[in-house]
Amino acid sequence: MESNSKQSKTLELWLEDLQSYVYKVTSTPMKNARFQFSRSRFTYSRKNKKSQDELSIIFLSQFPINYRVGLQLEIWHPQIKEIKESFMNEILNKESNLCSIILYMKDFPSNDPQQEVVKDHSIYNHRDLFLVGDWLAQTLQYELIPLCDQLSTIPHMDSFFEAKPEWSLNTRSGGNICTDLIVAGLNRRRDLHQRYQQLMDGLQQRIDFRQMSPESRQLLTLCYEAIR
């Protein structure tokens, strides 16, 4: 909950100031990793081997109270998109559901144990802006860019999922969980049927704890039936 002292203060920033500073602190690591910047959409994107990576930095103005800043990462692989289209077309609400991996700010936890899961950051003043800017720069350079590199090809993704069997489940994204299964089928190194059962068991646990929707179970079943 936001403190009363912060709510009572006058907002010190304009949205343009916020965006200008965020671009200043994120542009160097992203350009060094070959990402191209779109100012109109405030996105960084690159062609990475056989994948396409796109990072969107999202600004929400709640002027004159505060601003909120979040991020969304999408990683696209043509083979995975084609498979998802075969069983997801009738239930798609957004094109992004066809991407291989989708992650948000909450998937890059803060080092502060009191803020382990953060959907977005509130900014009231310059101090908040500097803290968020520093977090973004560090997270992009040391977590997000290396993750994109690790997930750049189907074999790389398969090795990543094998080493971190709970990772796709912990993102609580049905699309990411399906990608875990699809990659097992494409690379043919992990046992597809065994992986399906592991994912279904983990998914059911999260449904029981109301961390995910029961519809995710149906999505995973459709995925399995499309590729087995």
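Values quoted throughout were computed directly from the atomic coordinates according to the rules given, and no laboratory measurement underlies them. Being a predicted model, the structure only gives us computed values, none of them experimental. When we count neighbours, we look across all protein chains shown, and the Cβ atoms used for this are built from the backbone with ideal geometry, even at glycine.
Observations on the structure shown:
- The charge dipole of region 15-71, taken about its Cα centre with unit charges on the Cβ atoms of Lys, Arg (+1), Asp and Glu (-1) only, comes to about 420 debye.
- Label-to-label distance, residue 118 versus residue 200, with points set 7 angstrom from Cα along the beta-carbon direction: 3.9 nm.
- Lys pairs, the chain - Cα-Cα below 15 angstrom, 8 or more residues apart or on other chains: 5
- The residue list 181, 157, 61 was ranked by how far each Cα lies along the charge dipole of the chain toward its positive end, using unit charges on Cβ atoms, and 157 comes out on top.
- For region 206-212, 3J(HN,Hα) computed residue by residue from phi via the Karplus equation (6.51, -1.76, 1.60; θ = phi - 60°) reads 6, 5, 4, 8, 6, 8, 9 Hz, glycine and proline entered as x.
- Where only DSSP H runs of four or more residues are counted, the chain gives -15000 deg cm²/dmol as its mean residue ellipticity at 222 nm, each run worth -39500 (n - 2.57).
- Charge dipole magnitude, Cβ of K and R +1, D and E -1 - region 137-228, Cα centre, debye nearest 20: 140 debye
- Here the relative contact order of the chain, from alpha carbon pairs under 8 Å that lie six or more residues apart, stands at 18 percent.
- Dipole magnitude (debye, nearest 20) for the chain, charges at Cβ of Lys, Arg, Asp, Glu: 420 debye
- Residue separation of residue 162 and residue 10 scaled by 0.36 nm, minus their Cα-Cα distance, works out to 49.7 nm of gained length.
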